[in-house]
Amino acid sequence: MTNIGNIPMLLNVVSYLHGKMHMDIADASTTATNFFGAVCVFTFLGAFVSDSYITRFYTILIFAPIEILGYMLLACQAHLPSLHPAPCDVTNSSPSECTTVSGRNLSLLTLGLYLIPVGEGAVRVCAAALGGDQFDREDPRELRGAASFFNWYTFCISLGGFAGLLFVVWVQDNEGWDLAFALSALVALLGTLVLVAGMPFYRHQKPTGSPLTRILQVFVAAFRKRNLSVPEDFVGTHEMTTGETGTIVEVLERTSGFKFLDKAAVNDGDARRWSLCTVTQVEEAKIILRMLPVFVSSVLGYLPIPLLLTFTVQQGGTMDTRLGATNVPPASLFVVPIVFQMLILVVYDRAVVPWLRRATGYAGGVTHLQRIGVGFASNVVALAVAAAVEGRRRAEGGAAAAEMSVFWLTPQFFLLGVMDVTSFVGLLEFFYSEASAGMKSIGGAVCFCILGIASWLGSFLIRVVNRATAHHGTSRGTGWLEGANLSAGRLDLFYWLLAIFELVAVLLYLLCAWRYTYRQHPRMQVQSTVEDHTAAIKQDAAL
């Protein structure tokens with residue numbers, strides 16, 4: 001339910017910053033992408049708390065009110081005239097005629113904008129991990145449900161976004177941002193109450209102590225023993241270990257690779273925690289190192305996405321938004337990819353995956369990394385299409401550009417939907433499944449952190465491009481993305497630059513994915529599951 005409020009906020013906040021707070025195009029876009037990045041990066045805070053100290057359920061209960069408070073602060077600022085600039089047509093006025101938000105009002109805006117990510121980040125990552133915890137992956141009957149869970153989790157996100165983009169965006173544009181922010185706070189509260197209602201039915205994964213501390217201990221111990229050699233027949237200690245809370249941690253067998261870390265588990269007589277680690281701790285550190293190249297290449301692959309989302313909304317604001325007798329808010333166009341997402345997810349999960357499962361032997365039909373790669377490839381096409389559409393809009397010029405239908409943006413919206421269905425779900429599954437039992441929330445946070453870092457790098461890229469193109473801009477030494485409106489810049493060239501960047505990022509990702517070795521290979525999982533399930537059927541028939 002929280003997505004009914006926060007998805008319209010994520011996608012349309014740039015309109016609020018530009019139209020209500022009178023920020024220019026570059027500042028509004030930078031603030032919007034920073035906001036999106038903060039939502040993703042703050043998932044680490046919630047993941048750390050839930051994996052280390054309290055359950056995921058109670059972490060959500062603690063952080064959800066923080067998100068609600070952020071929405072209420074923004075609602076108050078949007079409602080009270082003294083807390084925001086006087087109304088002004090920022091699109092058709094000169095920059096000097098509209099007062100930009102500043103001083104204490106800017107501080108209030110910043111506080112409200114960043115309280116929401118603190119709360120939403122924790123809620124988002126813990127909700128995904130809490131749902132995954134409800135499946136026993138050792139039970140053949142539940143493994144297939146676990147393979148489908150993240151598809152349906154994404155479907156529910158899309159369903160919430162669909163409702164929000166139809167209703168909340170309409171409220172934003174027609175009834176006022178104050179009411180829209182209050183409505184977002186209300187649905188976040190209702191979502192929390194729904195979560196509380198299901199408390200008796202959840203499986204709760206108890207915290208196992210700080211996974212970050214355990215991993216740091218491995219690097220410290222390995223550095224201290226850097227002059228030791230690992231025996232040829234080294235096995236290490238495989239006895240069950242306990243976390244700081246006394247909860248049993250998953251036992252991991254020793255693997256090859258990153259042998260310098262094995263030194264942390266060699267007993268040289270110093271049994272202190274920061275000098276001697278278990279093999280399980282060492283393997284957790286190896287898992288992180290193995291995933292690191294995929295993480296970095298995925299950040300680069302996702303970098304253009306928040307920029308494309310942000311500027312597509314602003315493109316729509318300069319075009320003809322009529323659908324019959326109704327004007328469609330540009331942000332509501334995201335209904336198009338969301339509808340495609342929901343349809344594709346249902347078809348993929350119910351028709352495509354069973355067929356692919358029989359053909360490939362993988363539990364999810366294809367590997368997680370293959371699914372991610374399809375999304376990144378579709379993003380290259382989305383950027384090229386966006387560049388071509390923006391070039392046509394600029395070529396029309398003046399009144400003709402304003403009469404160009406906003407539905408020219410539909411192809412890039414559709415391709416963005418494909419990106420979410422493939423890459424987002426694939427990343428979520430990959431980092432959750434590859435993480436050890438004591439790091440499931442951290443695994444989900446790593447996925448969201450990719451989106452956050454990509455957003456922040458996108459903001460940095462905007463500034464770099466503006467500075468680099470300032471002497472080659474359309475007028476008065478402005479850069480491609482500067483000025484009060486898009487027509488004063490060269491968004492089409494910026495899109496082409498992003499398309500080239502994304503193509504290079506895809507090639508880098510393919511290299512990293514090809515070199516990656518799964519901790520638990522999907523093909524082996526599904527084969528064992530089929531064998532166990534067949535044996536169970538035979539046993540039931542015999543009885």
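Where a number appears in this text, it was derived from the coordinates with a stated rule and is not lab data. Values in this document were obtained by computation on a predicted structure and should not be read as measured data. Methodologically, a virtual Cβ is constructed for each residue, glycine included, from the backbone with ideal geometry; neighbour enumeration extends over all protein chains shown.
Length available on full extension from Ile54 to Leu80: 0.36 nm per residue minus the Cα-Cα distance, which gives 5.5 nm.
Here the extension length gained between Leu186 and Val296 equals 35.9 nm, from 0.36 nm per residue of separation less the Cα-Cα distance.
Protection proxy ranking for 294-305, 176-187, 255-266, using the average of other Cβ atoms within 10 Å per residue and placing the highest first: 294-305, 176-187, 255-266. All other residues whose Cβ lies under 9 angstrom from that of Ala26 are scored, Lys and Arg at +1 and Asp and Glu at -1, for a net of -2. Using θ = phi - 60° in the Karplus curve 6.51 cos²θ - 1.76 cosθ + 1.60, the 3J(HN,Hα) couplings for the range 77-86 round to 5, 5, 7, 8, x, 6, 9, 8, x, 5 Hz; x is entered for Gly and Pro.
Each label point was placed 7 Å from the Cα along the Cα-to-Cβ direction; for Arg515 and Val194 their separation is 4.3 nm. Applying 1/(1 + (r/R0)^6) with R0 = 25 Å to the Cβ-Cβ distance of Ala388 and Thr99 gives a FRET efficiency near 0.10. A simple spin-label model places the labels of Ala395 and Phe223 5.8 nm from each other, with each point 7 Å out along Cα-to-Cβ.
A straight Cα-to-Cα reach below 24 Å connects Lys20 with none of the lysines, residues fewer than 8 places away in its own chain not being considered. Whole-Hz Karplus values for the range 490-498 come out as 10, 5, 4, 5, 5, 4, 5, 4, 5 Hz, taken residue by residue from phi with 6.51 cos²θ - 1.76 cosθ + 1.60 and θ = phi - 60°; glycine and proline positions read x.
Largest first and in whole Å, give the semi-axes of the range 343-429's equivalent ellipsoid, each being the square root of 5 times a Cα gyration tensor eigenvalue.
36, 12, 8
Within the same chain, lysines fewer than 8 places from Lys259 are excluded, and of the rest, those with a Cα less than 28 Å from its Cα are Lys225, Lys286, Lys440. Sparse packing (at most 14 other Cβ atoms within 10 Å of the Cβ) combined with a DSSP loop state is found for the following GluC sites (Glu not before Pro) in the range 350-446: Glu403.
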